[in-house]
Amino acid sequence: MIDVRELGISGMQASEWLRAERHVDIGGSDTCRISASITHADDDETEKTLLDALRALTEGAESIERRPPVHLPEPSALELEQAMLPREAFFAEVDHVPADRAAGRIAAEMISPYPPGVPVIAPGEVITDEVLDYLRSGVDHGVLIPDAADPSVRTLRVVARH
């Protein structure tokens, strides 16, 4: 694994650059790093291609457009309070509210930023400002939110208040 933050770019940007500029697909990326593997099935030419591409990335990183940073909260802030059973929240009467009014509300949807693709909000959990800031900064950075009702995270699907 290579931490690309020292280059001033994200792993996703590094991955995109390597694919577009050097025709190299790496194993994985996230907001901080890229991961590539050389195996016993690879030959010397494959190793050389990867190393040359990584050197070129290091040298060309200054030309890559900078994106706003992702505001990753402390791990404990990602442990949201479970206020309802997930099934109950998912099938409850819902409202679609602006993100700036979603904190304190109970989520009625799953929200999993990709990468890494791990749910940050599950139905039944109480949404917090820290998690909203993380998700919205992630979208601004280029993170995908494939499972949300609104992938831009401008609105969220929450349990309706009675």
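Could you check, for the range 142-155, whether at least one of its residues is buried (at least 21 other Cβ atoms within 10 Å of the Cβ), in contact (Cβ under 8 Å) with a residue 24 or more places away in the chain, in contact with a helix residue (DSSP H, G or I) (Cβ under 8 Å, 6 or more places away or on another chain) and not in a loop (DSSP other than H, G, I, E, B)?
The answer is no; no qualifying residue exists.
Quick one: ASP25 ticks every box in (1) outside the structural domain of TYR114 (by TED's automatic domain parsing); (2) modelled with pLDDT of 90 or more except a single one, so which number is it?
Going through (1) outside the structural domain of TYR114 (by TED's automatic domain parsing); (2) modelled with pLDDT of 90 or more one by one, ASP25 breaks only (2).
How many residues are touching a Pro at 6+ places or on another chain (Cβ under 8 Å) and not acidic (Asp, Glu) if we restrict to the range 108-135?
12
How many residues does the range 85-110 contain that are under 11 Å from VAL158 (Cβ atoms) and either within 15 Å of the chain's Cα centre (by Cα) or surrounded by 12 or more Cβ atoms within 10 Å (Cβ to Cβ) (or both)? Give the derivation first.
Step one: filter the range 85-110 for residues under 11 Å from VAL158 (Cβ atoms), giving 89, 92-99, 101-109.
Among the residues that remain, those that are also either within 15 Å of the chain's Cα centre (by Cα) or surrounded by 12 or more Cβ atoms within 10 Å (Cβ to Cβ) (or both) are: 89, 92, 94-97, 99, 101-103, 105-109.
Of the residues in that region, 15 qualify.
Out of the residues in the range 120-136 that are out of contact with any Ser or Thr (no Cβ under 9 Å at 6 or more places or on another chain) and part of a strand (DSSP E or B), which is surrounded by the fewest Cβ atoms within 10 Å (Cβ to Cβ)?
VAL126
Taking the range 50-84, which residues are in a helix (DSSP H, G or I), more than 18 Å from the chain's Cα centre (by Cα) and of a type in the set (S, T, N, Q)?
THR58, SER63
Taking VAL139, is it without any contact (Cβ under 8 Å) to a residue 60 or more places away in the chain, under 16 Å from the mean Cα position of the chain (by Cα) and either over 30 Å from ILE9 (Cα atoms) or assigned to a loop (DSSP other than H, G, I, E, B) (or both)? Please lay out each step first, then the result.
Numbers: without any contact (Cβ under 8 Å) to a residue 60 or more places away in the chain: yes; under 16 Å from the mean Cα position of the chain (by Cα): yes; either over 30 Å from ILE9 (Cα atoms) or assigned to a loop (DSSP other than H, G, I, E, B) (or both): no.
Judged against the criteria, VAL139 is not a match.
So if I check each of VAL131, VAL158, VAL118, which one is out of contact with any Gly (no Cβ under 9 Å at 6 or more places or on another chain) and within 24 Å of ILE26 (Cβ to Cβ)? Spell out the reasoning first.
Numbers: VAL131 fails: within 24 Å of ILE26 (Cβ to Cβ); VAL158 fails: within 24 Å of ILE26 (Cβ to Cβ).
None of the other options fit; the residue is VAL118.
The values are calculated or read from the model by the stated rules, or taken from the named source; none is laboratory data. In this text the structure is predicted, and so the values were computed from the model without any measurement. Every residue, glycine as well, gets a Cβ built from its backbone with ideal geometry; the counts of neighbours run over all protein chains shown.
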